[in-house]
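Structure first, then comments.
The values are calculated or read from the model by the stated rules, or taken from the named source; none is laboratory data. Owing to the predicted nature of the structure, the values given are computational and were not obtained by experimental measurement. Because the Cβ atoms are built from the backbone with ideal geometry, glycine has one as well, and the counts that use them run over all protein chains shown. Surface accessibility is based on the protein's heavy atoms, side chains included, excluding ligands, DNA and RNA. Shrake-Rupley method; radii C 1.70, N 1.55, O 1.52, S 1.80 Å.
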Amino acid sequence: MSQRNQTGTKIQEWEDVLVAEDEQFPFSLIVWNDEVNTFDWVIQSLIEVCDHTQEQAEQCALIIHHNGKYAVKQGEFTRLRPMCEALLDRGINATLEEEVAG
């Protein structure tokens, strides 16, 4: 937004934008491949913990196996943290990573 003063010179006005302190940024729930857990256990866990369909969980398990890791869920930190902890409790290596806006 800009205005002109009495001499005709443009005056630039800046508005401050306040960001809520509790703003949530998008995160990814990453599941890592290991040599311990079976496909069936990972699939079952993704269905029960992440609310995946059978097909989604199977596809995620294959991608995890072939790529070494996969983002099985995206969303707010407060929503994903309990899922991450539940997977860890089941012996599945999982982490949360903040998505980088590109």
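Among the residues of region 50-78, those that are assigned to a helix (DSSP H, G or I), open to solvent by 70 Å² or more (accessible area, probe 1.4 Å) and under 16 Å from N37 (Cβ atoms) comprise E58, L62, H65, H66, N67.
Residues of region 40-49 include none that is open to solvent by 80 Å² or more (accessible area, probe 1.4 Å), touching a strand residue (DSSP E or B) at 6+ places or on another chain (Cβ under 7 Å), within 22 Å of P26 (Cβ to Cβ) and not aromatic (F, W, Y).
Looking for something of a type in the set (K, R) and modelled with pLDDT of 95 or more - is there at least one such residue anywhere in region 61-69?
Within region 61-69, one or more residues are of a type in the set (K, R) and modelled with pLDDT of 95 or more.
Annotation: of all residues in region 79-97 being assigned to a helix (DSSP H, G or I) and in contact (Cβ under 8 Å) with a residue 24 or more places away in the chain, the one that is surrounded by the fewest Cβ atoms within 10 Å (Cβ to Cβ) is A86.
Can we say E35 is acidic (D, E), out of contact with any helix residue (DSSP H, G or I) (no Cβ under 8 Å at 6 or more places or on another chain) and part of a helix (DSSP H, G or I)? So E35 does not fit the description; no. Of the residues making up region 47-78, those that are in contact (Cβ under 8 Å) with a residue 40 or more places away in the chain and either touching a Ser or Thr at 6+ places or on another chain (Cβ under 9 Å) or not polar (S, T, N, Q) (or both) are V49, Y70, A71, V72, K73, Q74, G75, E76, F77.
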